1. What are the ³J(HN,Hα) values, in whole Hz, obtained from phi via the Karplus relation 6.51 cos²θ - 1.76 cosθ + 1.60 with θ = phi - 60°, for each residue of segment 336-350 in sequence order, with x given for Gly and Pro?
2. I'd like the projected area of the chain, averaged over all directions, using the convex hull of its alpha carbons. Report it in nm² with one decimal.
3. When Lys and Arg each count +1 and Asp and Glu each count -1, what net charge do the other residues less than 10 Å away from R144, Cβ to Cβ, add up to?
4. Using only Cα atoms, tell me the angle between helix 363-380 and the longest principal axis of the chain; keep it within 0 to 90° and round to the nearest 10.
5. Which ³J(HN,Hα) values in Hz, rounded to whole numbers, follow from the phi angles of segment 284-299 under the Karplus curve 6.51 cos²θ - 1.76 cosθ + 1.60, where θ = phi - 60° and Gly and Pro get x?
6. Per-residue HN-Hα couplings for segment 277-282, Karplus 6.51 cos²θ - 1.76 cosθ + 1.60 at θ = phi - 60°, whole Hz, x for Gly and Pro?
7. Can you give me the solvent accessible area of M209 with a 1.4 Å probe, rounded to the nearest 10 Å²?
8. With all distinct Cα pairs included, what does the Kirkwood hydrodynamic radius of segment 12-89 come out to in Å, to one decimal, could you say?
Amino acid sequence: MKEDDGTGPPNRELYALLHLSPEASDEEIRRAYRQWAQVYHPDKYQAPHMKEIATENFQRICEAYEILSDENKRQIYDIYGMEGLNSGLELGPKLNKVEEIKEQLEKLKRMKEQQKMSALFLPKGSIVANLSLPGFLDGDGIMRGMAMASAVQSQLSKSSALSLSGNLGVEENSGAGAASAVFRHQIASDSTIEFMGSVGLGSLIGVQMTRQLSLHSTATLGIAKSFHDGSINLSNVWTRQLSDTASGNIELLLGPQSSIGVGWQKKDQNTSAAGEVKFGTNSFGISARYTRRFSSKSHGRIAGRIGSAALEVEVGGGRKVSDFSTVRMLYTIGIRGIFWRFELHRGGQKLLIPILLSRDLNPVLATGAFVVPTSIYFILKKFVFKPYYLKREKQKALENMERTATQV
């Protein structure tokens with residue numbers, strides 16, 4: 001058997017257990033296994049300490065034989081040792097060449113490194129580009145405004161984390177921005193404390209504590225002081241697990257903009273729903289959202305908002321285009337006008353493009369803005385996307401059959 005081309009010393013431990021050389025044949029491996037399995041079989045020993053030693057050696061002999069008697073496992077072991085076998089390589093006809101094994105193992109190593117980095121360093125960000133079709137037709141330009149936000153969370157230790165974030169927004173001739181930091185520390189198994197501060201628009205400093213009151217209940221108490229107007233704001237949130245898939249919460253805010261809100265969320269394998277009722281000093285609002293997953297890659301969504309500053313309905317859906325990316329299109333009609341919104345989600349990054357189609361509730365335009373893109377989507381899905389995916393899956397199946405034809 002060929003060893004790795006000069007990348008390091010060959011892996012000999014399993015061969016040494018069977019008293020073999022790395023060039024041993026399959027028949028030599030079988031003979032050595034039978035010989036040493038008889039020597040170390042636990043039933044041959046009566047003394048407890050000898051029986052324990054024999055059992056351990058017998059298990060090691062069996063493990064060595066299991067790996068060395070399998071052609072693919074032996075090949076991976078000769079190249080990368082036990083590290084390669086413990087890395088989750090998919091053994092079998094998919095990996096029947098040294099180059100393929102190396103490529104797959106390096107890919108798994110990169111994925112594990114990325115997951116390790118993601119666990120310690122979690123970046124998130126969003127870009128919102130507001131477009132206006134009426135403004136473009138009036139000669140004022142199509143861009144209404146733009147906003148960017150970014151956040152990074154770093155796990156400092158098992159019980160401490162630091163989050164840094166910033167945002168910047170521009171609308172017509174005005175703009176604003178802010179930067180904030182949050183330090184979170186777990187002071188007990190059921191208690192967490194957070195220290196927060198921000199500068200820029202809405203500068204403040206505050207502290208917040210969360211405690212699990214029971215198996216199903218959690219409470220959060222916070223206090224913050226605003227540097228903008230010097231006011232002090234108190235917040236209190238109670239959360240209760242109502243069932244395996246549903247939870248509810250009550251939120252109370254005391255300050256210049258006092259409010260009380262009641263919310264509910266439910267999520268299972270294929271559906272999720274949420275609702276909230278909030279009453280404030282000078283406002284009130286009711287919102288609801290329902291999402292249903294039609295398949296592993298597509299979902300639909302409907303939402304509504306009504307209150308002192310909003311009256312709108314939102315309908316749309318999305319599709320998963322890769323392991324990390326999802327695209328979504330939403331249609332909104334309300335007192336603010338008629339909108340399309342396109343979204344691209346990839347990992348922790350989001351690109352949102354709301355497009356104002358009309359400020360007036362024109363029935364013809366409202367109907368066309370919903371029917372036309374919906375019809376185009378289903379036509380493309382039926383005659384373009386679905387045939388393409390079926391053809392690609394068929395091609396993959398044929399390629400797999402060709403690769404495994406010899407073994408079959």
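The values are calculated or read from the model by the stated rules, or taken from the named source; none is laboratory data. This one's a predicted model, so the numbers in the text were calculated from it and none came from an experiment. Quick reminder, even Gly has a Cβ in these numbers, built from the backbone with ideal geometry, and neighbours come from all protein chains shown. Surface accessibility is based on the protein's heavy atoms, side chains included, excluding ligands, DNA and RNA. Shrake-Rupley method; radii C 1.70, N 1.55, O 1.52, S 1.80 Å.
1. 3J(HN,Hα) across segment 336-350, in whole Hz: 7, x, 10, 10, 10, 9, 9, 9, 10, 10, 9, x, x, 10, 9.
2. Directional mean of the projected Cα hull area for the chain stands at 31.4 nm².
3. Neighbour charge sum, excluding R144 itself: -3.
4. 10
5. 8, x, 10, 9, 8, 8, 9, 10, 10, 8, 7, 8, 5, 10, 10, 8
6. 10, 9, 10, x, 4, 10
7. Estimated to the nearest 10 Å², M209 gives 80 Å².
8. 13.1
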